[in-house]
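Presented below is the structure to which this report refers.
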Amino acid sequence: MAIEDATPARVGHTSGTGPGSQESHESPSPHGSLVDPHVGRYAARAQEMVASEIRALFAVAARPEIVSLAGGMPYITALPLDAVGEMAGQLVADRGAVALQYMSAQGDPGLRECICDVMALEGIHAHPDEVVVTVGSQQALDLITRIFVNPGDVVLAEGPSYVGALGTFASYQANVVHVPMDDAGLVPEALAETIARLAAERQQAKFLYTVPSFHNPGGVTLTVERRARVLEICQRAGLLVIEDNPYGLLGFDGEPLRALRAEDPHGVVYLGTFSKTIAPGLRVGWALAPPGIRDKLVLAAEAAVLCHSSLAQLMVREYLTGQAWQEQVKVFRELYRERRDAMLEALGAVMPDGCRWTRPAGGFYVWLQLPPGLNSKAMLPRAISSRVAYVPGTGFYADGSGAGHLRLSYCFPEPGRIREGVRRLADVVGTEIELRSTFGAVSAAYRRSGAGPTFLTGPAGADAPR
């Protein structure tokens, strides 16, 4: 975590030489104040808003001397930027009157047709009218939560879970209940047990949030057999499934897996984005939802932003219709495969005994389990001093557990930088192990490891292919 200045807040000023001469300043000084004069006016849900542990790392991790294995930034330099730039200029020249104008909250009809073609690669048969274009899939998740969740409602999510989703759920005051994963993804038996326990407590979850393919942060993928089982459990319980699938086309082996939505058009809301397969700066994503949910999403989008960027939507549409985008996805897949391999090879070569990690078949992330007693959050300042950055596992649990794990990202650094970053991290972990053997285990406050993947690939200090 970034370290913030802890300068004492100045709430007033005392002047004069005798009793009664105290002067109170209720408004901030011209030079600014650390006291927020509006603190008593915020809605209760605003108090649930906290800074993302990943965002807090960006300022530090961006320093050139630090190898950042933290943020999941796509390697957009691999795009044909000259062609994209020419396409954008031509779009404005030819269709600027449309591209720079308002648009409907549901999104450009032509883009929605293209989105249906993209989803067909994962077995989804959909109509453009079922699609709502959003500002990235993050806004789609926010809108879904807004229309379903009241304060105190239960939301089920994998443990660990995507930090951006946890931030959204917290902002709407949801009660997140984590369901464990292992190397094969979400554990169906644990899901069924969690639903039954909630029912015994007279609670019912509003939905299950899941990233089934190339999970963020777990790096694991829900197997075909488990997909059917998870859907069966949710259908029997009347539980809506929110399928977040930003990495589905970025698998390293074979064709994309069939999406959950392909098997259950009525019980699954599918969230997609072009942030990973084109560019995050365009901020174009979507939700595919049954008609009733779709209508609510459109109304919620209108209330939030009136309409989304027409220019960004038409740029994505032009890219999908005028560029060899599927070939570009293959370029990304090979690039990320090379970097995944560099990370796994480096982990196997230098990480100390007692470390375990997942072997992702796609996507951006490896989930690493530290030896018993080590704390990834407490270790982070030492890692930054050693010029390597990662994300502590605590950011991926609603209750702040997960300290025994950390997330490593291989999507952005060059392979050589990845190997150097892993070497630096291995030195940090080795130093922590030596300190623990000398001074004893860390306090219980730092020992919670959460419900992360419990059956990780390979023996300690190694990683065997599946």
| What is the number of the single condition among (1) aromatic (Phe, Trp, Tyr); (2) farther than 20 Å from Tyr397 by Cβ; (3) open to solvent by less than 10 Å² (accessible area, probe 1.4 Å) that Phe364 does not meet? | (2)
| task | Have a look at Glu334, Glu345 and point out the one that is touching a residue at least 24 places away in the same chain (Cβ under 8 Å) and of a type outside the set (Gly, Ala, Ser). | result | Glu345
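Results for (1) over 25 Å from the mean Cα position of the chain (by Cα); (2) β-branched (Val, Ile, Thr); (3) surrounded by fewer than 18 Cβ atoms within 10 Å (Cβ to Cβ), shown as yes or no for each residue.
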| site | (1), (2), (3) |
| --- | --- |
| Thr321 | yes, yes, yes |
| Ala324 | yes, no, yes |
| Val331 | no, yes, yes |
| Arg340 | no, no, no |
| Asp353 | yes, no, yes |
| Trp357 | no, no, no |
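One line per residue, one yes/no per condition, for (1) closer than 27 Å to Trp367 by Cβ; (2) open to solvent by less than 40 Å² (accessible area, probe 1.4 Å):
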| residue | (1), (2) |
| --- | --- |
| Cys116 | no, yes |
| Glu122 | yes, yes |
| Gly152 | no, no |
| Val176 | yes, yes |
| field | Lone qualifier among Arg45, Arg146, Arg112, Arg63 - being surrounded by 11 or more Cβ atoms within 10 Å (Cβ to Cβ), over 27 Å from Ala301 (Cβ atoms) and not β-branched (Val, Ile, Thr) | value | Arg63
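The values are calculated or read from the model by the stated rules, or taken from the named source; none is laboratory data. The shown structure was predicted, so the numbers you read here are calculated from the model rather than taken from an experiment. Methodologically, a virtual Cβ is constructed for each residue, glycine included, from the backbone with ideal geometry; neighbour enumeration extends over all protein chains shown. Ligands, DNA and RNA are excluded from the accessible area calculation, which covers all protein heavy atoms including side chains. Shrake-Rupley method; radii C 1.70, N 1.55, O 1.52, S 1.80 Å.
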